[in-house]
Amino acid sequence: MGTLVCATWEPAGNVEEIQRLIRQRVRELENRLSIFKQTSQVVALSRILNAGSEDILKKFRSSLFHSSNVYSLAESAEVGLENHDAGAELLFRLEDILQANRFSSDLARVMEASVKFANLTQGAFYPFLGRQMHDWKKLVAERANREFELSDSIIDFGGIAKGYAADQVRDLVVSKGGENVVVSFGSSSISIAGDPVCVGLQSPWEGLEEFGHLLLTHPALSVSADTATRIGSGKRVSHVLDPNTGKPAFTDLVAVLVCTADGMECEAWATAFLVLGLERAMDLDATQQHIDTVFFTADGRVLASPNLQITAHPGVQQWLEAQRVRTQ
């Protein structure tokens with residue numbers, strides 16, 4: 001999945017065997033979920049959808065973006081899809097394809113969760129932006145004179161797959177007797193089992209490397225961030241696309257951290273909130289009592305759930321206040 005994977009656990013046990021199993025599982029997940037492997041299952045699924053399901057995808061997209069009741073689907077994380085005709089129709093189609101092609105349960109779980117969270121976020125998280133994301137990444141790479149890895153997948157699991165993979169590796173280590181397990185995929189998706197873990201919080205603002213640390217007590221954490229934003233100048237770079245426009249999501253948020261029990265859910269909410277911007281994200285966040293969130297804004301504010309134990313490094317608050325005064 002193009003990211004660094006780190007795992008620690010106690011007691012040591014048969015370290016070499018567990019390491020082998022982790023590498024095997026990560027390769028397996030990459031072969032199933034990575035859009036950058038042309039032989040992966042998700043790319044194969046994407047080609048099938050592209051060849052015969054355009055009408056269903058258009059109907060699903062329309063149902064998300066043209067509802068008159070923006071947050072009616074997000075009153076609870078337990079909202080089912082049976083009452084949402086477009087989502088249900090898409091899931092039925094996906095189920096037929098998955099079974100007919102004997103695709104893995106990993107792909108099925110991530111795809112089903114992606115459709116669910118597209119519904120819950122009213123399309124702010126949207127898994128079918130693969131082509132748009134490819135075009136923007138290609139443009140950025142060409143401007144920087146860098147090589148670019150091509151992908152023709154209409155599906156993009158970039159906002160959910162790492163959370164799933166981190167949970168899977170954590171559960172694998174636990175199944176082999178590991179305790180106090182910590183698994184990190186690229187530092188943006190972390191899954192733990194056992195004692196709480198102190199997690200460092202990188203600053204999303206230019207001129208400040210680290211914000212502080214958080215005591216992680218939830219099983220999973222995910223961060224979606226646009227780093228190196230200069231306070232007061234507005235957000236100039238975004239790594240996520242706004243599904244409504246297909247263009248980078250320029251909002252007043254520069255980073256969002258979400259903690260809850262499930263890695264996929266953490267990552268999907270973090271992505272959606274970054275797209276929505278602070279006001280709409282906080283409204284939606286208030287309907288999800290089981291998640292805890294930290295919002296970092298473009299003007300240097302931090303708004304966090306009172307359930308989270310966060311400590312800023314000495315001098316950080318004064319630095320932020322100085323930046324805000326400077327830009328007034």
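List of remarks:
- Global geometry of the stretch 159-201, whether rounded, prolate or oblate, following the gyration tensor of its Cα atoms and the 1.5 cut on a/c: oblate
- Long-range amide H partners of LEU129 with built H, under 5 Å: ASP156
- Distant-in-sequence amide contacts of GLN309, defined by a placed amide H-H separation under 5 Å and a gap of 5 or more residues or a different chain, comprise LEU215.
- Here is the tail figure for the chain: Cα pairs spaced more than 25 Å apart come to 52 percent of all pairs.
- The stretch 206-212 - phi-based ³J(HN,Hα) in whole Hz, Karplus 6.51/-1.76/1.60, Gly and Pro as x: 5, x, 9, 6, 10, 8, x
- Once both labels are positioned 7 Å from their Cα atoms along Cα-to-Cβ, the gap between GLU279 and ARG27 label points is 5.2 nm.
- Kirkwood hydrodynamic radius of the stretch 224-328, Cα pairs, Å: 14.4 Å
- The H on the amide N of GLY212, modeled in the peptide plane, is under 5 Å from the matching H of LEU201, HIS313, each at least 5 residues off or on a different chain.
- Pairs exceeding a 22 Å alpha-carbon distance, out of LYS116/LYS162; LYS37/LYS247; LYS58/LYS162; LYS37/LYS162; LYS37/LYS116: LYS37/LYS247; LYS58/LYS162; LYS37/LYS116.
- 222 nm mean residue ellipticity, helices alone, for the chain (DSSP H n ≥ 4; -39,500 (n - 2.57); rounded to 500): -13500 deg cm²/dmol
- Taking other C-beta atoms within 10 Å as the exposure proxy, CYS266, CYS259, CYS6 rank CYS6, CYS259, CYS266 from fewest upward.
Laboratory data are not the source of any read-out in this text; all were calculated from the coordinates shown. Just so you know, these numbers come straight off a predicted model, no measurement behind them. A quick note on method: Cβ atoms are made from the backbone with ideal geometry, for glycine too, and the neighbour counts reach across all protein chains shown.
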